[in-house]
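One structure below.
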Amino acid sequence: MDIENHARTLAPMMGIHPETFEKAKSAVGAQKASCAIFIMLQLGQRIRDFGAYFHSMTLGQRQDQFDPVALIKRLSKTAMQTA
């Protein structure tokens, strides 16, 4: 629950409307919606429009393919290669 609360707090600061977060939570679940927020923070400057990116991941046509664990593993592997 704390993770979800943190994500819900961060979302508007990133340009993600609270209603969009709630819709995403209903569509993909609280865990995936919250993970999407933290993954996007990790990606940082690579994302131009956080709101659009979040919408695409959680509410877009390929929302059922969004796998936060796989994405985190890829990010981790990339970070290790650049270190």
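The values are calculated or read from the model by the stated rules, or taken from the named source; none is laboratory data. Every value quoted in this text rests on a predicted model; they were computed, and no experiment measured them. No Cβ is skipped: glycine too gets one built from the backbone with ideal geometry, and neighbour counts run over all protein chains shown.
So is GLN81 at pLDDT 90 or above, exposed (fewer than 15 other Cβ atoms within 10 Å of the Cβ) and farther than 22 Å from THR9 by Cα or not? Show your work before the answer.
Numbers: at pLDDT 90 or above: no; exposed (fewer than 15 other Cβ atoms within 10 Å of the Cβ): yes; farther than 22 Å from THR9 by Cα: yes.
Here the answer is no, as GLN81 does not meet what is asked.
Scan region 16-74 for residues that are surrounded by 13 or more Cβ atoms within 10 Å (Cβ to Cβ) and of a type in the set (Ser, Thr, Tyr) and jot them down.
Selection gives THR20, SER34, TYR53, SER56, THR58.
Please determine, by comparing only the residues of region 1-15 that are hydrophobic (A, V, I, L, M, F, W, C) and part of a loop (DSSP other than H, G, I, E, B), which one is surrounded by the most Cβ atoms within 10 Å (Cβ to Cβ).
Kept after step one, since they are hydrophobic (A, V, I, L, M, F, W, C), are these residues of region 1-15: 1, 3, 7, 10-11, 13-14.
The next check asks that each one be part of a loop (DSSP other than H, G, I, E, B); those that pass are 1, 14.
On the way: MET1: 7, MET14: 17.
If we take residues in region 1-15 being hydrophobic (A, V, I, L, M, F, W, C) and part of a loop (DSSP other than H, G, I, E, B), then MET14 is surrounded by the most Cβ atoms within 10 Å (Cβ to Cβ).
Return the pair list, or none, for Cβ contacts closer than 9 Å from residues in region 10-36 that are closer than 17 Å to ILE72 by Cβ and touching a residue at least 24 places away in the same chain (Cβ under 8 Å) to residues that are surrounded by 15 or more Cβ atoms within 10 Å (Cβ to Cβ) and hydroxyl-bearing (Ser, Thr, Tyr), at least 6 apart or on different chains.
Every condition considered, the pairs that remain are VAL28/THR58; LYS32/THR58; ALA33/THR58; ALA36/TYR53; ALA36/THR58.
For region 60-83, give me each residue that is out of contact with any helix residue (DSSP H, G or I) (no Cβ under 7 Å at 6 or more places or on another chain) and assigned to a loop (DSSP other than H, G, I, E, B).
Here is the first cut: in region 60-83, the ones out of contact with any helix residue (DSSP H, G or I) (no Cβ under 7 Å at 6 or more places or on another chain) are 60-62, 64-65, 67, 69-70, 73-74, 76-83.
Across region 60-83, the qualifying residues are GLY60, GLN61, ARG62, ASP67, ALA83.
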